[in-house]
Structures are given as structure tokens and as C-alpha cells.
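This report refers to the structure that appears directly beneath it.
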Amino acid sequence: MEVYIKYFEPDLVPLKKLAEGDWIDLRAAEDVEMKAGEFRYIRLGVGMILPEGYEAHVAPRSSTFKNFGILVANSVGVVDNSYCGDADEWRTPAYAVRDTVIQKNDRICQFRIIEHQPSIDFEEVETLGNETRGGFGSTGIQ
């Protein structure tokens, strides 16, 4: 699969797929200072042409909150393959829970390319026909 990428900053560390793991790290394209309670879109310094029928899912790295005290405001971002113009730079919506400083080229989130969801038809039924598992989620919370 070929993905065309444009870098919006000449000194941004280029993206690369690591040998292990399915996600690709994204970096801040600017120095950012945020106060607790502040929201802003952090530039990621890249734009891409994704293949037809694909989209990118952008999520925080597992260390993002610990290292920077920011949350991705919508938990996960979706970049459609139509977002591919010359000025369509990827960003992440960040909410700071503490005062923080992010340096240009810090790894703050990650992405993967996913096929679009196939066409689905929903058919209403009276019963699902399976035994009830109970609880909610992996811990079985009631």
C-alpha cells in the first residue's frame, strides 16, 4: 500500500513503521505550552493521501497522559481519505489536565490506517438466541 505524505515542517522527524506494533507514531510539529484546563489543536505536521476506501484512526500513545498530562479530547480521531488537500494538516485535539510543555518532535499520538466499514443492513429480531453473559466490559461490571 502506498501513502503519499506531505511534511509541513522541514525539520520534523519523518514517519516510519516500526518492526513491532501496528501503530505509527505522530509528533508535535510545534512547541506547545498549555495551562491546566486549556484546549487546543496541536499540529502534527503531516498531511496524507490515503488510499481509496481507507481512513486513519489517530489515538494517544499509552505514555501521552503520563508524559504530558493531556487527553485527546474526542478519545480517537478519524481522518477520512477525502482530507488530503495541500493545506489539510493533521492535528490532535488536546485538553491539558495540568500545566505542560510539549516540544516540537515529541511523540504525542499514533495512527493506523483502516479499511472503511463495509455496507451494513440491520435486521430487527425478537431474540438474539444466545445465553446472557452478564456484566459490562472485560471486568463484568454490573
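The values are calculated or read from the model by the stated rules, or taken from the named source; none is laboratory data. All values reported here derive from a predicted model rather than from experimental measurement. When we count neighbours, we look across all protein chains shown, and the Cβ atoms used for this are built from the backbone with ideal geometry, even at glycine. The area values use the complete protein model at the heavy-atom level, side chains included, leaving out ligands, DNA and RNA. Shrake-Rupley method; radii C 1.70, N 1.55, O 1.52, S 1.80 Å.
Considering segment 56-84, and only residues there that are charged (D, E, K, R) and modelled with pLDDT under 95, the residue that is nearest to Y4 (Cα to Cα) turns out to be D80.
Is at least one residue of segment 55-73 farther than 23 Å from D31 by Cα, open to solvent by less than 40 Å² (accessible area, probe 1.4 Å) and not in a loop (DSSP other than H, G, I, E, B)? Looking for residues that are farther than 23 Å from D31 by Cα, open to solvent by less than 40 Å² (accessible area, probe 1.4 Å) and not in a loop (DSSP other than H, G, I, E, B), one finds at least one in segment 55-73, hence yes. Can you find, within segment 52-93, the residue that is nearest to the chain's Cα centre (by Cα) among those that are within 19 Å of D106 (Cα to Cα) and of a type in the set (F, W, Y)? In this case the residue turns out to be W90. Residue count for segment 40-54 satisfying the condition of being farther than 15 Å from A94 by Cβ and either outside any loop (DSSP other than H, G, I, E, B) or not aliphatic (A, V, I, L, M) (or both): 8. Selection of segment 7-46 for residues being among the small types (G, A, S), open to solvent by 40 Å² or more (accessible area, probe 1.4 Å) and touching an Asp or Glu at 6+ places or on another chain (Cβ under 7 Å) yields only A36. For the criterion of being touching a Gly at 6+ places or on another chain (Cβ under 8 Å) and assigned to a loop (DSSP other than H, G, I, E, B), G37 fails. Number of residues in segment 74-114 that are in contact with a Ser or Thr (Cβ under 7 Å, 6 or more places away or on another chain) and in contact (Cβ under 8 Å) with a residue 40 or more places away in the chain: the value is 2. Scanning segment 86-108 for residues that are in contact with a Phe, Trp or Tyr (Cβ under 9 Å, 6 or more places away or on another chain) and not in a loop (DSSP other than H, G, I, E, B) returns R91, T92, P93, A94, Y95, A96, T100, V101, I102, I108. For segment 81-106, a residue qualifies if it is open to solvent by 80 Å² or more (accessible area, probe 1.4 Å) and either acidic (D, E) or closer than 15 Å to D25 by Cβ (or both), and the qualifying residues are D86, D99, Q103.
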